[in-house]
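Report on one structure; see the data block that follows.
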Amino acid sequence: MIIDDVEKILEKPSFSKKDLLYLLNTSEKERTSLFRKAKETKGKYVGNKVYFRGLIEYSNYCKKNCFYCGIRAGNSRYARYRMTDSEVMEAVNFAYVNNYASIVIQSGEQTNKTFVSKVESTLKRISQQTEGKIHVTLSLGEQSEETYRRWFESGAHRYLLRIEVSNPKLYKKLHPNNYTHDFQRRLDALKTLRNVGYQVGTGVMIGLPFQTLSDLADDLLFFREFDIDMAGMGPYIEHVDTPLYQFRDELLPIKDRFDLSLKMVAILRIMMKNINIAATTAMQTIDPQGREKALMVGANVIMPNLTPAKYRHDYLLYENKPCLDEEAEECKSCLEARIHMAGDSIGYGEWGDSRHFHERSASQ
Ligand code: SAM
Ligand code: SF4
């Protein structure tokens, strides 16, 4: 009887908030139907290919103080670094010779002139030295329209900016109350990215203190409403040096946060069939096979870490981050085997752009 209810919801062309709450609440037994439908949807609309984005954690300097993040400005435990030009190019070269075709440059938020120019010149160099063969995704936080434009014109065409939570009241509880951490400002930044012409990705953390299933259902509706091209979602994992750590006893058990994250990925795949969805590192942190499990329920992008091992201990957003001492080469071979086990193949040499973006642009 219950299984019938899930099947009926899964057949609907569009989910209501009530449907989403039902799906997020599904028991272990019922969720098999959800996961099967998500896997089928992925195969049909984006294929069983996984695209690699070599992740470069460019710098851990950050001007912000988000209550959940280990590299927040207020945490003095980490040595602050910015990768040198030659280290960045070495990582880019690794991606190039290994046919990754795409990289992600991620960093703590910095908006000063030196940083903006440095990113601009790095983008130009990447484009020149790889003859435009490497596509670049940026994840460098909130910037002015002018900065977004300069970086776009220098060769970056995708941008990831997680909304973190789509409920403004919850956003307030997770950030200091000031203009640098303003929900509306973050939302406006997403809109600006869209206007400038980027393929826009966003996402949320799952299992945060004070977050309810209703909030998560609203997050999914937010993604649909905003018509996003890409998503990166993963479990919230506590970090001892952050203000939110004091609420650790109120959190869902870590396994439940992981299961909820899998459901979010599966539901989003069914709702937004042709977007790109990342299997995030935070999922691997909780379960060594976490990313492969996400691939099996709808994710189609993986971000192998290309950051030099010497910096990884200083880019700890949360505890127990995996592969801290593995250089890129070791990460690559371990990933290949895992992806094949999940029944997918790797889109080597393919940009793996969001199909949603191209279809959306063609219809405008
Ligand atoms: N500074 C940029 C920004 O915030 O958009 C990009 C880098 S930031 C480290 C990337 C993402 O890490 C954030 O969007 C956030 O969702 C995630 N993150 C930070 N702390 C986390 C935690 N404790 N658990 C899980 N994810 C976390
Ligand atoms: Fe800085 Fe991003 Fe961490 Fe916030 S989430 S503290 S902006 S690195």
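The slack in the chain from VAL240 to ASN195, taken as 0.36 nm per residue of separation less the alpha-carbon distance, amounts to 12.4 nm.
Seen from every direction in turn and averaged, the convex hull around the alpha carbons of region 140-229 projects onto 5.7 nm². Taking GluC sites (Glu not before Pro) across region 1-81, the ones in a DSSP loop with at most 15 further Cβ atoms lying within 10 angstrom of their Cβ are GLU28.
Dimensions of region 203-279 along the principal axes, based on C-alpha atoms and rounded to the nearest Å, stand at 38, 20, 19, largest first. Report note on the peptides 266-274, 345-353: ranked by the mean count of other C-beta atoms within 10 Å, highest first, their order is 266-274, 345-353.
Do you know the relative contact order of region 3-363, to the nearest whole percent, from alpha carbon pairs under 8 angstrom that are 6+ apart? Walk me through the intermediate numbers first.
On the way: 641 pairs, mean separation 87.6, N = 361.
Result for region 3-363 is 24 percent.
Among ASN60, ASN320, ASN112, the residue with the largest mean-square fluctuation in a Gaussian network model of the chain, with springs joining Cα atoms closer than 10 Å, is ASN112.
Calculate the all-directions average of the projected area of region 176-215's alpha-carbon convex hull, and give it in nm².
Working: hull surface 15.8 nm².
Convex hull of Cα atoms, orientation-averaged projection: 3.9 nm².
Once you list every other residue whose beta carbon is under 14 Å from the beta carbon of ARG355, what net charge do they have if Lys and Arg are +1 and Asp and Glu are -1? Please report the intermediate quantities before stating the final value.
Numbers: positive: LYS42, LYS44, LYS49, ARG158, ARG269, LYS273, ARG360; negative: ASP227, ASP229, GLU350, ASP353, GLU359.
Surrounding charge for ARG355 is +2.
Divide by every residue of the chain the summed helix terms, -39500 (n - 2.57) for each DSSP H run of at least 4, and state the resulting mean residue ellipticity at 222 nm, rounded to the nearest 500 deg cm²/dmol.
Numbers: 15 runs with 164 residues, N = 364.
So the calculated ellipticity at 222 nm is -13500 deg cm²/dmol.
Of LYS332, LYS42, LYS118, the residue with the greatest mean-square motion in the GNM of the chain, using alpha carbon springs below 10 Å, is LYS118.
Using the 2.2 N^0.38 Å rule of thumb for compact globular proteins, work out how region 91-134 stacks up: its C-alpha Rg over that value, please. Present the calculation step by step, with values, prior to reporting the outcome.
Values: Rg = 11.7 Å, N = 44, 2.2 N^0.38 = 9.3 Å.
Normalised Rg, Cα atoms only: 1.26.
Under a Cβ-only charge scheme (Lys and Arg +1, Asp and Glu -1), can you give me the dipole magnitude of the chain about the Cα centre, in debye to the nearest 20?
Roughly 560 debye for the chain.
Across q = 0.10, 0.15, 0.22 Å⁻¹, region 1-137 modelled as identical point scatterers on its alpha-carbon atoms has Debye log10 I(q)/I(0) values of -0.61, -0.86, -1.20, in the order of the q list. Subtracting the Cα-Cα distance of GLU359 and LEU221 from 0.36 nm times their residue separation leaves 47.7 nm of extension gain. Each pair of Cα atoms in the chain enters the Kirkwood radius, and Stokes-Einstein at 4 °C and 1.567 mPa s then converts it into a translational diffusion coefficient of 63 µm²/s.
Per-residue 3J(HN,Hα) values for region 347-359, derived from phi via the Karplus relation 6.51 cos²θ - 1.76 cosθ + 1.60 with θ = phi - 60°, read x, 4, x, 10, 5, x, 4, 5, 4, 4, 4, 5, 5 Hz in sequence order (x marks Gly and Pro).
Taking CYS66, CYS334, CYS323 in turn, the Gaussian network model of the chain (Cα-Cα springs below 10 Å) assigns the largest fluctuation to CYS334. Here the translational diffusion coefficient of region 154-289 follows from Stokes-Einstein with Rh set to the Kirkwood radius across Cα pairs; for 37 °C and 0.692 mPa s it amounts to 210 µm²/s.
When nucleic acids and ligands are ignored and a 1.4 Å probe is applied, THR114 ends up with an accessible area of around 90 Å².
Once the Cβ-Cβ distance of ARG248 and TRP351 is raised to the sixth power relative to R0 = 45 Å, the FRET efficiency obtained is 0.65. Each of LEU34, SER214, GLY290 was scored by the projection of its Cα onto the charge dipole of the chain, and the greatest displacement toward the positive side belongs to SER214; charges sit on the C-beta of Lys, Arg, Asp and Glu.
The values are calculated or read from the model by the stated rules, or taken from the named source; none is laboratory data. All figures in this text were calculated on a predicted structure; none of them were measured in a lab. FYI the Cβ positions are ideal-geometry reconstructions off the backbone, even for glycines, and counts take in every protein chain you see. Side chains are part of the model used for accessible areas, which takes the heavy atoms of the whole protein and leaves out ligands, DNA and RNA. Shrake-Rupley method; radii C 1.70, N 1.55, O 1.52, S 1.80 Å.
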